[in-house]
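This report refers to the structure that appears directly beneath it.
The values are calculated or read from the model by the stated rules, or taken from the named source; none is laboratory data. The model shown is predicted, which means the values in this text are computed figures rather than measured ones. All Cβ positions, even for glycine, are placed from backbone atoms using ideal geometry, and neighbour counts span all protein chains on display.
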Amino acid sequence: MRCFLLLVFLLLDLRAEKPNVLLIMVDDLAEGVERYYAEPAKVMPNLDRLKEQGMTFTNAWCQAPLCGPSRASMMTGLYPTTTGIYGHIKDDDIKSDIGKPKLKFLPEYFSDQGYLTMGVGKIFHRGAAKGAFQEYGGMPGNGSTCFGPAPKYRMIWPESGEKGKGTLTDWGPYLTDEDQPDTRAARWAVERLSKGYDKPFFMAVGFVKPHVPWHVSKKWFDKFELDKIIPPKFSQAELKDVPQAAKKVHDVPAYPTYEWALKNNQLRPMLQSYLACSAFVDDCIGQVLDALEASPHKDNTIVLLASDHGYHLGEKNRIAKMSLWERSARVPLIIAGAGVKRNMQSKLDVGLIDVYPTLVDYCDLPANSANEGKSFSAHLSDPQYTENNYVLTCLSPRDFAVSSGRWRYYRYHDGSEELYDLYKDSRELKNLALNPESLSIRKKLALRIPQNPAKAISKMHHNPHFKKTK
């Protein structure tokens, strides 16, 4: 009997030593957003603090450049080319629509391994799928207000787009921090982090800014002087060697363009609004990090912060997401915690699809054989740069991008291609696919594109690319 009790206590001790997980998701946050301001340290100081505490992946990529499919891929551990989710579907329909009722979402898998799972805010597309968390604090706000308050009438950008359908895109100071759903989500997380728990926890906190509309209180706008904003450069000459198919699928009429913003003297105000929203959400992130630091969990929690995709802020004549190009597909990804190298940048190519197996591996849990990504947990404590990782991004079943080291390769529905050397050409201005000497590289990268990708789910909406590729 004494031996049995000793074994029980040992098992309980081992269980208590499992690290907690704090997953922070940010919406529409461009990698390197500080580049757009002359005083970069002012933009996201709490993000900078987390970078100093851990490892920043400078070559992290989403699997779909749109909120819904990107998050579905990350939470299922499956590529869009497996699920057929290239656009938005209802979060509660993910398992049934892909025919995998026994599929375990990332937090569900941790729950099965004895973790307490909690979440708040935008984790999936519209909050969280039913049953994903043991405790879910909700998506503060409802309807369009889940992305933050907006005036009844547009401030600047008019309703536009195909068949009269516009976007939430608009900008300018509006209301107070108290009106923002992210403020309430941060408070929920702060309150939960202050408690003690008898088992390890997995907590996900989802913030919606800087998702449009770009409305936050005036104090955040006042942080950024218009004459210190650094707009990106663009000229139509940059697109001269881009295939017509690329121009076609990347055209999103409902969103403003660089040329429109420049002509209407809105380029700097738009960037100011994006920076203001980024600074606001950074403050919310800081509240959560402060709460963790003051909690009994600070030494036994891994923190992973990521965005679901990036955002063009004028590059390629786009002020939008939904492109395979670097600005829309590259994401911020930072990891900090025990055993993670501090204040380090890694050039390893990773995808959001790799988050699931990496967290499972870091927490020393049994691997989920259904995961299609691969763990880079070992890299966190012993970084080894390699060019042999390949990361796939999908816009549709026929439009793809592959990243590996210095190379970024694109293949479109008509077979046309783009290839860029990101070491020499970070803005993707010279399409090397037109050079016959690049054939061997293109062939090598093209092997990473699935031969029989899943067809798009019929219920899917808000992906304008399919009617362009038929």
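Taking residues in the range 247-259 that are within 21 Å of ASP399 (Cα to Cα), and partners anywhere that are aromatic (Phe, Trp, Tyr), the pairs with Cβ atoms closer than 9 Å and at least 6 places apart or on different chains are LYS248/TYR412; VAL249/TYR412; HIS250/TRP325; TYR255/TRP157. Among residues of the range 246-291 being out of contact with any helix residue (DSSP H, G or I) (no Cβ under 8 Å at 6 or more places or on another chain) and among the hydrophobic types (A, V, I, L, M, F, W, C), the one that is modelled with the lowest pLDDT is VAL252. Name the residues in the range 224-234 that are out of contact with any helix residue (DSSP H, G or I) (no Cβ under 7 Å at 6 or more places or on another chain) and surrounded by 11 or more Cβ atoms within 10 Å (Cβ to Cβ), would you? Once the filter is applied, which keeps residues that are out of contact with any helix residue (DSSP H, G or I) (no Cβ under 7 Å at 6 or more places or on another chain) and surrounded by 11 or more Cβ atoms within 10 Å (Cβ to Cβ), the range 224-234 yields GLU225, LYS228, LYS233. From the list PRO158, PRO151, PRO173, the one residue that fits, being at pLDDT 95 or above, over 18 Å from ASP27 (Cα atoms) and assigned to a loop (DSSP other than H, G, I, E, B), is PRO173.
Mind checking whether some residue in the range 197-205 is surrounded by 19 or more Cβ atoms within 10 Å (Cβ to Cβ) and either assigned to a helix (DSSP H, G or I) or without any contact (Cβ under 8 Å) to a residue 12 or more places away in the chain (or both)? Checked against the condition, which is being surrounded by 19 or more Cβ atoms within 10 Å (Cβ to Cβ) and either assigned to a helix (DSSP H, G or I) or without any contact (Cβ under 8 Å) to a residue 12 or more places away in the chain (or both), the range 197-205 yields no hits at all. The C-beta contact set for the range 180-196 (first residue in contact (Cβ under 8 Å) with a residue 12 or more places away in the chain and under 17 Å from ALA279 (Cβ atoms), second residue crowded, with 24+ Cβ neighbours inside 10 Å and of a type in the set (Lys, Arg), distance under 8 angstrom, 6+ apart or interchain) comprises GLN180/LYS209; ASP182/LYS209.
The residue that is farthest from the chain's Cα centre (by Cα), counting only those in the range 35-51 that are crowded, with 19+ Cβ neighbours inside 10 Å and part of a helix (DSSP H, G or I), is TYR36. Between SER369, SER375, SER440, the distinction of being loosely packed, with under 14 Cβ neighbours inside 10 Å and not in a helix (DSSP H, G or I) belongs to SER369 only.
How many residues, within the range 341-355, are of a type in the set (D, E, K, R) and either in a strand (DSSP E or B) or buried (at least 22 other Cβ atoms within 10 Å of the Cβ) (or both)?
2
Screening the candidates ALA338, ALA320 for the property of being assigned to a loop (DSSP other than H, G, I, E, B) and either crowded, with 24+ Cβ neighbours inside 10 Å or out of contact with any strand residue (DSSP E or B) (no Cβ under 8 Å at 6 or more places or on another chain) (or both) yields one hit, ALA320.
Any chance you could count how many residues in the range 182-192 are among the aliphatic types (A, V, I, L, M) and either farther than 23 Å from ARG71 by Cβ or not in a helix (DSSP H, G or I) (or both)?
From the range 182-192, those among the aliphatic types (A, V, I, L, M) are 185-186, 189-190; that's our starting set.
Restricting the remaining residues to those that are either farther than 23 Å from ARG71 by Cβ or not in a helix (DSSP H, G or I) (or both) gives 190.
Residues that pass the stated criteria total 1.
Against the condition touching a Ser or Thr at 6+ places or on another chain (Cβ under 6 Å), in a loop (DSSP other than H, G, I, E, B) and not aromatic (Phe, Trp, Tyr), how does PRO210 come out, does it pass? Full working, then the answer.
Values: touching a Ser or Thr at 6+ places or on another chain (Cβ under 6 Å): yes; in a loop (DSSP other than H, G, I, E, B): yes; not aromatic (Phe, Trp, Tyr): yes.
Yes.
Criterion applied to LEU429, LEU445, LEU419 was being touching a residue at least 40 places away in the same chain (Cβ under 8 Å) and outside any helix (DSSP H, G or I), and the one residue passing it is LEU429.
Every condition in (1) more than 26 Å from GLY351 (Cβ to Cβ); (2) touching a Phe, Trp or Tyr at 6+ places or on another chain (Cβ under 9 Å); (3) among the hydrophobic types (A, V, I, L, M, F, W, C); (4) surrounded by fewer than 22 Cβ atoms within 10 Å (Cβ to Cβ) holds for ALA245 except the one numbered (1).
For the range 105-125, the candidate set comprises residues that are of a type outside the set (Ser, Thr, Tyr), touching a residue at least 40 places away in the same chain (Cβ under 8 Å) and surrounded by fewer than 21 Cβ atoms within 10 Å (Cβ to Cβ); within that set, the residue that is nearest to SER375 (Cα to Cα) is GLN113.
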